[in-house]
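See below for the structure under consideration.
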Amino acid sequence: MVEAQRDDLSTATDASAAEDARRVIKTSDEKIAQYRSVLEAGRDPKLVALWTNEVQAAKAEAQIRLKALPRTGAPVSGSRSRLWWPRSPTWQPRSATRGSR
């Protein structure tokens, strides 16, 4: 019982850490896009490079944390394993058509 509770807590902690890492990555991408706009508007390139380097470092750290987390085995949203293609009305399993050739 204690081990099951520990596994549940670990899973919840991993999910929270994954969510935090994804949030940092998303925020970093948004900031980099903003910095690009600021650079194009004529701001000091050295200053923008400093900001960009800081954000890229935070993003890289979040990516490392995310990769270090154990996989839960759940399919990723939009992954091929969750997609479904309807079969045509004339579809037959391959084994059903082998004898007819």
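Table for the structure above
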item: All lysines inside 19 Å of Lys46 as judged from Cα atoms, apart from same-chain residues fewer than 8 positions distant; result: Lys31
item: Simple label model, 7 Å out from Cα along Cβ direction - Ala60 to Asp14, nm; result: 2.7
item: Residue exposure sequence - Lys46, Lys31 - by fewest surrounding Cβ within 10 Å; result: Lys46, Lys31
item: Estimated vicinal HN-Hα couplings, Hz - segment 21-35 in sequence order (Karplus 6.51, -1.76, 1.60; Gly, Pro = x); result: 5, 4, 5, 5, 5, 5, 4, 4, 4, 5, 5, 4, 5, 5, 5
item: Lys, Arg +1 and Asp, Glu -1 on Cβ, resulting dipole of segment 1-70 about Cα centre, debye, nearest 20; result: 360
item: For segment 59-70, 3J(HN,Hα) per residue [Karplus equation, 6.51 cos²θ - 1.76 cosθ + 1.60, θ = phi - 60°, Hz, x = Gly/Pro]; result: 5, 4, 5, 5, 5, 5, 4, 5, 5, 6, 6, x
item: HN-Hα J in Hz across segment 37-45 - Karplus 6.51, -1.76, 1.60, θ = phi - 60°, x for Gly and Pro; result: 5, 5, 5, 5, 7, x, 5, 4, x
item: Lys26-Arg71 pseudo-label distance in nm [points 7 Å out on the Cα-to-Cβ vector]; result: 2.3
item: Taking N as its residue count, the alpha carbon Rg of segment 1-70 over 2.2 N^0.38 Å; result: 1.56
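Values quoted throughout were computed directly from the atomic coordinates according to the rules given, and no laboratory measurement underlies them. Quick caveat, the model's predicted, so the values are computed rather than measured. Positions of Cβ are generated from backbone atoms using ideal geometry, with glycine treated the same way; all protein chains shown enter the neighbour counts.
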